Amino acid sequence: MASLILEACVETLDEALAAQQNGATRIELCADLAQDGLTPEKELTLACLKNLSIPIMAMVRPRGGNFVYSEPELKEMEESIRMFKQLGVAGVVFGLLKEDHTVDLENTRRLAALAKPLEVTFHKAIDYSADPLVSFQQLNEVDGITRVLTSGGAATALEGQHIIRRMNNLPGRKISVIAAGKITALNRDQIAQLTGSKELHGKKIVGELT
């Protein structure tokens, strides 16, 4: 399925280069994937920008754990977004929730407005929200959000396929749905068909990178 957008999740330059060589069409650049991805360092970002020809989405996540952020953490995220804008990445990736497990819409709008004109992905924080489908509907109305990355609130995209398909079929949908969650080079075509997503994300989306 040549029309699929394959986003490889990487944390080193070598992984990024391998992903590009193996057919990735976009990179999500992170630090510390053991914590599900944190903000990458400036030096790594620059190295990837210098050596890659495919778009780079940079993670903006100051710490592991939950997605409820304090004001000092939000300011740190703002500084990261400013840095990535200056460096010239294609976009940024972040996700914010409130204590009640709903999307923090106020601060999501705040960061999305700052990120313009970069692309913005709201990441798998949505899968920890009380109702991912309602959260997607809300994010669909946030100016500046380009896409949402989700496993449909389940452990894997395969398990969450029905919710992901409902997101894709949302009337008036403006944003893209990136299916994520244990997607590999072996099952990506199947998951694309089951979910209706043309954008797929994973650490092994184009095979092993090491």
*Give just the number: which of (1) among the β-branched types (Val, Ile, Thr); (2) surrounded by fewer than 15 Cβ atoms within 10 Å (Cβ to Cβ); (3) touching a Gly at 6+ places or on another chain (Cβ under 9 Å) does Val134 not satisfy?*
(3)
_Going residue by residue through the stretch 184-191, is there one that turns out to be crowded, with 17+ Cβ neighbours inside 10 Å and of a type outside the set (A, V, I, L, M, F, W, C)?_
yes
*Looking at Leu149, Leu170, Leu158, Leu194, which is the one that is in contact (Cβ under 8 Å) with a residue 24 or more places away in the chain and closer than 21 Å to Met59 by Cβ?*
Leu149
*Residues within the stretch 81-109 that are over 16 Å from His123 (Cα atoms) and assigned to a helix (DSSP H, G or I), tallied*: 7
*Determine, yes or no, whether Ser53 is out of contact with any Ser or Thr (no Cβ under 6 Å at 6 or more places or on another chain), at pLDDT 95 or above and either among the polar types (S, T, N, Q) or surrounded by fewer than 16 Cβ atoms within 10 Å (Cβ to Cβ) (or both).*
yes
_Restricting the stretch 110-129 to residues that are out of contact with any Ser or Thr (no Cβ under 6 Å at 6 or more places or on another chain) and small (Gly, Ala, Ser), the residue that is nearest to Glu7 (Cα to Cα)_ = Ala125
_Pairs needed: first member in the stretch 174-190, without any contact (Cβ under 8 Å) to a residue 40 or more places away in the chain and over 13 Å from Gly202 (Cβ atoms); second member anywhere, of a type in the set (D, E, K, R) and exposed (fewer than 15 other Cβ atoms within 10 Å of the Cβ); C-beta distance under 9 Å; at least 6 residues apart or different chains._
Lys174/Glu141
*Name every residue in the stretch 44-55 that is of a type outside the set (Ser, Thr, Tyr) and part of a helix (DSSP H, G or I), in order of residue number.*
Leu44, Leu46, Ala47, Cys48, Leu49, Lys50, Asn51
_Restricting to the stretch 131-174, give me the number of residues that are assigned to a loop (DSSP other than H, G, I, E, B), of a type in the set (A, V, I, L, M, F, W, C) and closer than 16 Å to Leu96 by Cβ._
2
_Set Ala58, Ala125, Ala112: member being buried (at least 16 other Cβ atoms within 10 Å of the Cβ) and either in contact with a helix residue (DSSP H, G or I) (Cβ under 6 Å, 6 or more places away or on another chain) or assigned to a loop (DSSP other than H, G, I, E, B) (or both)_ = Ala58
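If you take the residues of the stretch 3-50 that are at positive phi and either within 16 Å of the chain's Cα centre (by Cα) or modelled with pLDDT under 95 (or both), which of them is surrounded by the most Cβ atoms within 10 Å (Cβ to Cβ)?
Gly37
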*Across the stretch 84-114, what is the number of residues that are under 15 Å from Ile56 (Cβ atoms) and either among the β-branched types (Val, Ile, Thr) or free of Cβ contacts under 8 Å to residues at least 24 places away in the same chain (or both)?*
4
*Please list, ordered by first then second residue, the pairs with beta carbon atoms under 6 Å, 6 or more apart or interchain, first in the stretch 1-21 and touching a residue at least 40 places away in the same chain (Cβ under 8 Å) and closer than 22 Å to Val177 by Cα, second among the basic types (Lys, Arg) and part of a loop (DSSP other than H, G, I, E, B).*
Leu4/Lys198; Cys9/Lys203
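The values are calculated or read from the model by the stated rules, or taken from the named source; none is laboratory data. Keep in mind that this is a model prediction, so the values were computed, not measured. Reconstructed Cβ throughout: ideal geometry from the backbone, glycine too, with neighbour counts over all protein chains shown.
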